[in-house]
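In what follows, a structure is listed as structure tokens, so that the remarks can point back to it.
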Amino acid sequence: TMLGVITTDALVTSDVWRTMVQAAVDRSFNQITVDGDTSTNDTVIALASGLSGSTLIASLNSHEGMQLQACLDGVMQSLAKSIAWDGEGATCLIEVTVIGADSEAEAAKIARSVASSQLVKAAVYGRDPNWGRIAAAAGYAGIPFHQNKLRVLLGNILLMDGGEPQPFDRAVASNYLKKAGETRGTVGIHISVGDGLGRGQAWGCDLSYEYVRINAEYTT
Amino acid sequence: VSVTGAEASDYIPKAPIFLPEGPWKEVPGGVTAAEGFKAAGIYGGLRAKGKKPDLALVACDVDAISAGVFTTNMVAAAPVLYCKKTLDISERARAVLINAGQANAATGDAGYEDVIECANSLAKLLQMRPEEVLIESTGVIGHRIKKDALLNSLPKLVNSLSSSTEGADSAAVAITTTDLVSKSVAIESQVGARTVRVGGMAKGSGMIHPNMA
């Protein structure tokens, strides 16, 4: 289960606040995954006291509205990444960034598909730069794209371009994953699927033997 | 048995901060960083094992504009159903009560009545309307909350409320279950001509694939 409480002293109308909170959740908590299981209790409550003395934000598209939205996005993304980093049995955070989609929502869906893949997660734990599993998970996300425009980088190491694997130093790529695991660091997976302006991110963690042990021994 | 949340942060360390770059600066305080908010976390005897704090409260000095997003799982816990209904009838809230230990999910009408009783009791203590109290629960599915322990702990929880960073930290620890770290962050930024603060806390480690609306 994930729970969250968000507070602000900004002054904002109810309808704008509720829309903002859902948008921020869609860019943060709804973009994380640890094990693919949706809880019965997931909840985020957000309260705005209005005590900062700021002018009333009554429009999402106002300058102040966009500033507050960015702040909400930032705080929720920070907390969301902390949850993924703390995934049961995890040794590292996986951050998937997708660009080139037709919309933010489409990019986000592809990113979460890759972050959710048990095979990608297991490959990261095995320190295996497995571009094939990444490409497959992007492909089954349900978002149409031309596969000959698929580009995949692991950190700054190019694994695929034009939909085909590229020559890369496997030991260097594997060490990148190994170092992230040893330091509880972050593995960056960067994917481009076309020429669109849509960009989205998702966060997950690697899948270790420890995850199975924890959940084999813990009962609900 | 209740112990104060002063030592709460001794139980588990804090998560590293993953704040993205932006026109803001990180500030201490988590949920209490913003003006008007207090928080507390205490051990109320709800957990099956250990003495880690398990009861958290976030309260606002004024009627706050409220929003909520909830699991879209059709098997939704009693506090989820309660909060959805409450937010439908009220645009404002003043308190969020959170327990760890029992999820109060798949507990039927009795579980829902437990939520209402907890909200009413807290509202009475805080001298506010019950619909201004929101509830979150986490823990074992199929178990009703240990209501007597929770209700007996409410006076101490209310008396522990603090606008300090320690208050926010103890609340962030109290909502954890299998988490290895507590999650709390706050920022300060310019919104128009004024300085505004946004803070938050979260918990989660397993059964994580949220689809909230």
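FYI, it's all coordinate maths here, none of it is from the lab. These numbers were taken from a predicted model, which means no experiment stands behind them. Cβ: placed from backbone, ideal geometry, glycine included. Neighbour counts: every protein chain shown.
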From the list B:Ala39, B:Ala67, which residue is small (Gly, Ala, Ser), over 15 Å from B:Pro130 (Cα atoms) and free of Cβ contacts under 8 Å to residues at least 60 places away in the same chain? B:Ala67
Any residue that is touching a Phe, Trp or Tyr at 6+ places or on another chain (Cβ under 7 Å) and in contact (Cβ under 8 Å) with a residue 60 or more places away in the chain - is there at least one of those in the range B:73-90? no
Selection from the range B:184-203 of residues over 21 Å from B:Ala40 (Cβ atoms) and either part of a loop (DSSP other than H, G, I, E, B) or touching a strand residue (DSSP E or B) at 6+ places or on another chain (Cβ under 7 Å) (or both) yields B:Ile187, B:Glu188, B:Ser189, B:Gly192, B:Ala193, B:Thr195, B:Val196
With respect to A:Leu47, is the statement that it is under 14 Å from B:Gly200 (Cα atoms), crowded, with 24+ Cβ neighbours inside 10 Å and either without any contact (Cβ under 8 Å) to a residue 24 or more places away in the chain or out of contact with any Cys (no Cβ under 7 Å at 6 or more places or on another chain) (or both) true? no
Residue check: is B:Ser137 within 14 Å of chain A (Cβ to nearest Cβ) and touching a Phe, Trp or Tyr at 6+ places or on another chain (Cβ under 8 Å)? no
Could you check the range A:118-132 and list, in sequence order, the residues that are surrounded by fewer than 20 Cβ atoms within 10 Å (Cβ to Cβ) and under 21 Å from A:Arg199 (Cα atoms)? none
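Yes/no matrix, rows are residues, columns are (1) on the phi < 0 side of the Ramachandran plot; (2) surrounded by fewer than 22 Cβ atoms within 10 Å (Cβ to Cβ); (3) more than 8 Å from chain B (Cβ to nearest Cβ); (4) of a type in the set (Lys, Arg):
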site: A:Ala70; (1), (2), (3), (4): yes, yes, no, no
site: A:Ser82; (1), (2), (3), (4): yes, no, no, no
site: A:Gly87; (1), (2), (3), (4): yes, no, no, no
site: A:Cys92; (1), (2), (3), (4): yes, no, yes, no
site: A:Asp102; (1), (2), (3), (4): yes, yes, yes, no
site: A:Ala107; (1), (2), (3), (4): yes, no, yes, no
site: A:Ile110; (1), (2), (3), (4): yes, no, yes, no
When you scan the range A:194-210, do you find a residue that is in contact with a His (Cβ under 8 Å, 6 or more places away or on another chain) and more than 15 Å from A:Thr91 (Cα to Cα), even just one? yes
I'd like to check which strands (runs of 3 or more DSSP E) are fully inside the range B:27-104 and have at least 3 residues that are facing chain A (nearest Cβ under 9 Å) and surrounded by fewer than 21 Cβ atoms within 10 Å (Cβ to Cβ). B:55-70
By residue number, the members of the range A:112-160 that are within 14 Å of chain B (Cβ to nearest Cβ) and either more than 21 Å from A:Ala80 (Cβ to Cβ) or touching a Cys at 6+ places or on another chain (Cβ under 6 Å) (or both) are none
